[in-house]
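Enquirer: This is the structure I want to talk about, given as structure tokens.
The values are calculated or read from the model by the stated rules, or taken from the named source; none is laboratory data. All of these numbers come straight from a predicted model, not from anything done at the bench. Here the Cβ is made from the backbone with ideal geometry for all residues, glycine too, and neighbour counts use every protein chain on show. Keep in mind that these areas ignore ligands, DNA and RNA; they rest on the heavy atoms of the full protein, side chains included. Shrake-Rupley method; radii C 1.70, N 1.55, O 1.52, S 1.80 Å.
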Amino acid sequence: MQATFSNKIVVLEEGSVTIPKGYKAGGIHCGVKKKKLDLGFIVSEVPATAAGVYTTNIFQAAPLIVTQESIAKENKIQAILVNSGNANACTGEQGLLDAFEMQKSFAAELGIKDHLVAVTSTGVIGELLPMEKINTGIKQILQPEYEIEANFKQAILTTDLCTKQMAVQIKIDGKTVSIGGAAKGSGMIHPNMATMLGFVTTDANIAHEDLLFALKDVTNKTFNMITVDGDTSTNDMVLVMANGLAENEMLTKDHPDWNLFVDGLKIVCESLAKKIARDGEGATKLIEVQVNGADNLEAARAVGKSIISSNLVKTAIFGTDANWGRIVTAIGYSGVAVEPYALEVAIGPYPVFANGLPIPFDEAEVKEYLELDTIKIIVDLHQGESTVTAYGCDLTYDYIKINASYRT
């Protein structure tokens with residue numbers, strides 16, 4: 001399926017990290033998990049300019065530390081290796097040694113320098129990696145039968161019910177530039193970057209500092225605007241690789257097509273973020289909260305994430321209960337100085353609150369709307385011109401079942 005936006009951006013809903021030139025990906029079952037694929041890779045033909053954003057959780061997992069140190073050496077990587085089933089977090093010095101060993105082993109298989117391999121992990125916290133199994137998997141993973149992009153998307157999952165991928169293509173300097181992405185995330189999702197992982201590939205030729213600027217800007221509008229359960233993982237990471245094989249002129253913020261590239265990156269990241277929110281553990285609905293009329297973006301984001309993070313709002317949506325009072329309450333404790341009598345709130349097309357008072361509405365009609373699988377809440381603060389959208393999901397009985405026995 002593809003669609004064209006603004007006659008300049010072609011969206012490939014089923015696109016992938018191998019759509020851009022010069023990338024391959026795959027995955028294997030090495031035994032970290034009982035049966036499912038659990039070790040995946042992305043490799044570029046040539047070293048790629050790299051940029052990353054990482055969790056702000058103080059207990060950063062060992063692979064994040066290793067990857068940040070590696071990218072800092074020359075702002076490039078050529079490969080990503082990721083395991084699922086074990087987060088390698090809160091594992092002390094041995095966890096760091098294991099992350100470096102993963103990096104060194106995969107680099108040896110590829111015949112490249114160690115620091116050109118980024119490593120990341122996702123899964124249970126506090127357990128050491130089964131390195132014998134992982135090393136065996138690394139020695140096998142580049143075999144042709146495992147070089148299947150669909151394997152990579154499966155190998156990075158934990159409690160996810162579905163894979164998440166996206167790609168776009170744009171024209172820069174007359175060259176076709178592609179941006180592809182894959183992500184995992186279902187629970188422990190409340191990114192603040194800086195268990196959610198995002199991997200983006202592009203064949204654009206772009207300077208590191210500009211790629212990092214674009215990634216941070218886009219992340220604040222996409223991945224940092226989702227929540228499932230209010231928990232910021234120890235392992236959250238989004239990495240972008242840009243290998244330059246599209247052969248466009250160097251992209252910088254001064255390039256005439258700079259905004260087009262950023263728009264393409266945003267479409268990819270926003271799609272992945274929404275897919276993570278929709279696939280929240282036990283979720284049945286995607287919730288979109290649009291905040292209009294804020295004094296500034298920071299205020300708009302605070303209000304949006306306050307609403308989307310409210311367990312009372314999330315359970316009301318699950319129960320198809322038009323309990324607007326929970327929405328207003330979440331706005332009230334967001335920390336933003338809102339004028340109560342200026343506030344307007346609507347659930348989908350139905351206004352429910354204005355001028356400090358409830359607006360009469362047909363309960364049956366709104367209940368029927370709340371039975372849809374995508375629910376929109378629209379808030380207007382009437383204080384300025386800033387607008388944001390936050391994404392989340394409902395909170396169900398199944399979320400409790402999944403997380404009450406996550407380790408067992």
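Enquirer: Restricting to the stretch 206-227, count the residues that are assigned to a helix (DSSP H, G or I), closer than 28 Å to LYS314 by Cβ and in contact with a Gly (Cβ under 9 Å, 6 or more places away or on another chain).
Expert: Number of matching residues: 3.
Enquirer: Can you pull out the residues in the stretch 155-172 that are over 15 Å from LYS275 (Cα atoms) and open to solvent by 70 Å² or more (accessible area, probe 1.4 Å)?
Expert: LYS171
Enquirer: Name the residues in the stretch 245-266 that are touching a strand residue (DSSP E or B) at 6+ places or on another chain (Cβ under 9 Å), open to solvent by less than 30 Å² (accessible area, probe 1.4 Å) and either at pLDDT below 95 or closer than 15 Å to GLU209 by Cα (or both), would you?
Expert: Scanning the stretch 245-266 gives LEU251, HIS255, TRP258, PHE261.
Enquirer: Hey, another quick one. Across the stretch 330-348, what is the number of residues that are farther than 17 Å from ILE317 by Cα and either part of a loop (DSSP other than H, G, I, E, B) or aromatic (Phe, Trp, Tyr) (or both)? Break it down into steps so the answer makes sense when it comes.
Expert: Initial filter on the stretch 330-348 (farther than 17 Å from ILE317 by Cα): 332-344.
In the following step, the residues that additionally are either part of a loop (DSSP other than H, G, I, E, B) or aromatic (Phe, Trp, Tyr) (or both) were identified as 333-343.
Within the stretch 330-348, residues that are farther than 17 Å from ILE317 by Cα and either part of a loop (DSSP other than H, G, I, E, B) or aromatic (Phe, Trp, Tyr) (or both) number 11.
Enquirer: From the list LYS367, LYS376, pick out the single residue that is basic (Lys, Arg), modelled with pLDDT of 95 or more, touching a strand residue (DSSP E or B) at 6+ places or on another chain (Cβ under 7 Å) and closer than 25 Å to GLY280 by Cα.
Expert: LYS376
Enquirer: Could you check ALA273 against (1) within 28 Å of ASP210 (Cβ to Cβ); (2) out of contact with any Phe, Trp or Tyr (no Cβ under 8 Å at 6 or more places or on another chain); (3) buried (at least 18 other Cβ atoms within 10 Å of the Cβ) and say which number it fails?
Expert: (2)
Enquirer: Is it the case, given these coordinates, that ALA342 is surrounded by fewer than 18 Cβ atoms within 10 Å (Cβ to Cβ), under 14 Å from ALA300 (Cα atoms) and among the hydrophobic types (A, V, I, L, M, F, W, C)?
Expert: On the way: surrounded by fewer than 18 Cβ atoms within 10 Å (Cβ to Cβ): yes; under 14 Å from ALA300 (Cα atoms): no; among the hydrophobic types (A, V, I, L, M, F, W, C): yes.
Criteria not met by ALA342.
Enquirer: Step by step: first the residues of the stretch 274-329, then only those that are part of a loop (DSSP other than H, G, I, E, B) and within 17 Å of ALA342 (Cβ to Cβ), then the one that is nearest to the chain's Cα centre (by Cα). Which residue is that? Break it down stepwise before answering.
Expert: Step one: list which residues in the stretch 274-329 are part of a loop (DSSP other than H, G, I, E, B), which gives 279-285, 295-296, 310, 319-323.
Next, only the ones that are within 17 Å of ALA342 (Cβ to Cβ) stay: 295-296.
Working: ASP295: 27, ASN296: 24 Å.
Checked the stretch 274-329; the qualifying residue nearest to the chain's Cα centre (by Cα) is ASN296.
Enquirer: Out of the stretch 133-156, which residues are of a type in the set (Asp, Glu) and in a helix (DSSP H, G or I)?
Expert: GLU145, GLU149
Enquirer: Separate question: For the stretch 165-196, what are the residues that are outside any loop (DSSP other than H, G, I, E, B) and either modelled with pLDDT under 90 or over 16 Å from the mean Cα position of the chain (by Cα) (or both)? I'd like the intermediate steps shown before the answer.
Expert: As a first pass, look at the stretch 165-196 and keep what is outside any loop (DSSP other than H, G, I, E, B): 165-172, 175-184.
Within the stretch 165-196, VAL168, GLN169, ILE170, LYS171, ILE172, LYS175, THR176, VAL177, SER178, LYS184 qualify.
Enquirer: Taking GLU109 as meeting all but one of (1) open to solvent by less than 20 Å² (accessible area, probe 1.4 Å); (2) not in a loop (DSSP other than H, G, I, E, B), write down the number of the exception.
Expert: Single failed check for GLU109: (1).
Enquirer: I'm trying to understand the selection: among the residues of the stretch 12-32, which are more than 16 Å from LEU245 (Cβ to Cβ), at pLDDT 95 or above and open to solvent by 40 Å² or more (accessible area, probe 1.4 Å)?
Expert: HIS29
Enquirer: Quick one: is ASN135 touching a helix residue (DSSP H, G or I) at 6+ places or on another chain (Cβ under 8 Å) and open to solvent by 10 Å² or more (accessible area, probe 1.4 Å)?
Expert: yes
Enquirer: Filter the stretch 41-58 for residues that are open to solvent by 20 Å² or more (accessible area, probe 1.4 Å) and closer than 19 Å to ALA108 by Cβ and give the result.
Expert: GLU45, VAL46, PRO47
Enquirer: Follow-up question, since we're still on this one. Against the condition among the β-branched types (Val, Ile, Thr), open to solvent by less than 20 Å² (accessible area, probe 1.4 Å) and within 20 Å of the chain's Cα centre (by Cα), how does VAL124 come out, does it pass?
Expert: The answer is no for VAL124.
Enquirer: How many residues does the stretch 349-384 hold that are surrounded by fewer than 18 Cβ atoms within 10 Å (Cβ to Cβ) and either polar (S, T, N, Q) or part of a loop (DSSP other than H, G, I, E, B) (or both)?
Expert: 13
Enquirer: Taking the stated definitions as given, is LYS401 modelled with pLDDT under 95 and open to solvent by 20 Å² or more (accessible area, probe 1.4 Å)?
Expert: So LYS401 passes the test.
Enquirer: Oh, and also: Run down ALA61, ALA87 and say which single residue is in contact with a Gly (Cβ under 7 Å, 6 or more places away or on another chain), open to solvent by less than 50 Å² (accessible area, probe 1.4 Å), on the phi < 0 side of the Ramachandran plot and at pLDDT below 95.
Expert: On the way: ALA61 fails: in contact with a Gly (Cβ under 7 Å, 6 or more places away or on another chain).
After applying the criteria, what remains is ALA87.
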